[in-house]
1. Looking at B:145, B:178, can you tell me which residue is part of a helix (DSSP H, G or I), on the phi < 0 side of the Ramachandran plot, of a type in the set (Gly, Ala, Ser) and away from chain A (no Cβ under 14 Å)?
2. Output the residues belonging to region B:198-256 that are in a loop (DSSP other than H, G, I, E, B), in contact with a helix residue (DSSP H, G or I) (Cβ under 7 Å, 6 or more places away or on another chain) and either more than 14 Å from every other protein chain (Cβ to nearest Cβ) or over 19 Å from residue A:196 (Cα atoms) (or both).
3. Which number in (1) touching a Ser or Thr at 6+ places or on another chain (Cβ under 7 Å); (2) away from chain B (no Cβ under 14 Å) marks the one condition that residue A:203 misses?
4. Is it true that residue B:214 is buried (at least 24 other Cβ atoms within 10 Å of the Cβ), in contact (Cβ under 8 Å) with a residue 40 or more places away in the chain and of a type outside the set (A, V, I, L, M, F, W, C)?
5. Taking residue A:245 and the conditions (1) surrounded by fewer than 24 Cβ atoms within 10 Å (Cβ to Cβ); (2) closer than 18 Å to residue A:174 by Cα; (3) more than 14 Å from every other protein chain (Cβ to nearest Cβ), which numbered condition does it fall short on, given that it satisfies the others?
6. Got at least one residue in region B:241-264 being of a type in the set (Asp, Glu) and in contact with a Leu (Cβ under 9 Å, 6 or more places away or on another chain)?
7. Residue under question is residue B:242, and the condition is that it be touching a residue at least 12 places away in the same chain (Cβ under 8 Å) and surrounded by fewer than 19 Cβ atoms within 10 Å (Cβ to Cβ); does it hold?
8. Restricting to strands (runs of 3 or more DSSP E) lying wholly in region A:180-253: which have 1 or more residues that are in contact with an Asp or Glu (Cβ under 9 Å, 6 or more places away or on another chain) and under 27 Å from residue B:119 (Cα atoms)?
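Readers should treat all values here as calculations from the given coordinates under stated rules, not as data from a laboratory. All values derive from a computational prediction rather than experimental measurement. Note: ideal-geometry Cβ built from the backbone for every residue, glycine included; neighbour counts use all protein chains shown.
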Amino acid sequence: MNGVPGPVGALDRRSSRGRRSDDPGTGRRARGWRAGLAVALLVASCGPADAGGDPGDPDAVAGELIVFAAASLTDAFDELRAAFVDANPDIEVAFNYAGSQTLASQIAEGAPADVFAAANATQMDAVSGAGGLAGDPATFTANLLTIAVEPGNPLGIGGLTDLADPELVLVLPAEEVPAGQYASEALAAAGVEVTPSSLERDVRAALSKVELGEADASVVYASDIVASDGRADGVEIPVEQNVPATYPIAVLADAPNPTAAEAFVAFVLSDSGQRILASYGFTTP
Amino acid sequence: MTDLAPPRATSTSSGVAPPRTAIVLGVVGFALLVLPLVSLTLRTPWTRVGELITDPVVLQALRLSLVSSLAALVVSVVLGVPLALVFARYDFPGKPFVRALAVLPMVLPPVVGGVGLLAAFGRRGLVGQPLAEATGITLPFTSAAVVIAATFVAMPFLIVTVEAGLRMVDPRLEDAAATLGADRWTILRRVVLPALWPSLAAGMALCWARALGEFGATITFAGNLPGRTQTMPLAVYLELERNPEAAYLISFLLLAVSVAVLVALRDRFLRTT
């Protein structure tokens, strides 16, 4: 019995409760296990306190920073993080990428976040209206709508009017998400009636249907075409038909780490931040 | 067992009462499972049910969910019961492996199932591409895709339940029927199926509930279009952005169906012993 380690011994202890005192070895194991659990709980309970940064130095950009960012920002913000962490090595940046409205409702439900970067003003206003912002939002970038087609544009789609073809498998972002809202505004302004096959839950899901070859076309952001890295081509929508998305960013009122949040927002607005955004297909607002 | 700890007032009907720590942890576990359901019920906008339930988005999702989940149930019975019969009555090389593959969707993340369905039945899929070239039929973004996705995730629940039921049918009854000259179909129809009925009903209820709740494979493989592929779970997800009250109401309806299924299966899952 003494030679049997681990789970077998533990299992045996449970089934021979009455004889526990006969075996000092299992008793020791049980105490060790409880001590281990206590340490784990202690470490877990210390986690959030550490995440707020070093309480001794309120100006230090350190600890954990949680950024809620629109799904369309995924690749650009991943590179922004690398540059930001290079400049502030004590910070850990975690991103939650999703549709802006999902993020806004998560914030409204009390999700812990320091910074909110939305793909439209509506969702930022919703958070602002509920008193969720620490200050005024700043518009930090813009994104032009583009028609996503399969590589090489095999169907020769030239513009929004070509999307009216009922034979075309067109997938749009749902109107509940900003990209879908802008796409429907652009289509309406151009007088184009479409019969979409699916209204996807976010712009990346819509693009992926084109990349997988399941859809012939979609309307996405210019930045998504850059991110697709050749798996989809973009057909430009002329400026007069375009409804560009403008992206506001703000520090949240309940930010666990406001110092780092301010620093991150400043970095996004800085020249180096803007250069990174431009390299991912974003335009200056 | 009588020489062990004396029974307490709170002890269970058999065995020794668990340590107090276990009771506390158990209560916490119960709260974790039940609190969201209670909270959901409290948030359901009861005063506006009449108006919300006639919202076209809700109605369309309701109808599509009912039709597609029942269609998935029919497909699952037609294909799943024979498969359960094969598993229960035949031995063949590699059977454990084949059986594991057949029930894999029970533990597979549904969105992975959706990606797999696209790879198989998508326009560029293994089967989907030849199908599209030969017939012009493409499955993604159709109501048929909703049924296929629901069948993929739900049929294994029927298979395992029916197979377990088949193993409990006394083979001597079938032997007796055979000696009396009954053919295989007659034995299946007159002997096996009547004895199997409770398991089949339980399997069908589980299968239907799983089909009704299907989300990940559906949104990946069938997309989301109100009236065609937007089922109730998809509507919950998207309405939460636009019309949270409708989302709460649909969520409550799905919860009520789940409770009803559990009550219908109470002999299986809610036995007190």
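1. Going through B:145, B:178 in turn, just one is part of a helix (DSSP H, G or I), on the phi < 0 side of the Ramachandran plot, of a type in the set (Gly, Ala, Ser) and away from chain A (no Cβ under 14 Å): B:178.
2. Across region B:198-256, the qualifying residues are B:214, B:215.
3. (2)
4. yes
5. The one condition residue A:245 does not meet is (1).
6. From region B:241-264, those of a type in the set (Asp, Glu) are B:241, B:245; that's our starting set.
Those still in the list that are in contact with a Leu (Cβ under 9 Å, 6 or more places away or on another chain) too: B:245.
Yes, there is a match, as at least one residue in region B:241-264 is of a type in the set (Asp, Glu) and in contact with a Leu (Cβ under 9 Å, 6 or more places away or on another chain).
7. Judged against the criteria, residue B:242 is not a match.
8. Correct list: A:198-200, A:217-221, A:233-236.
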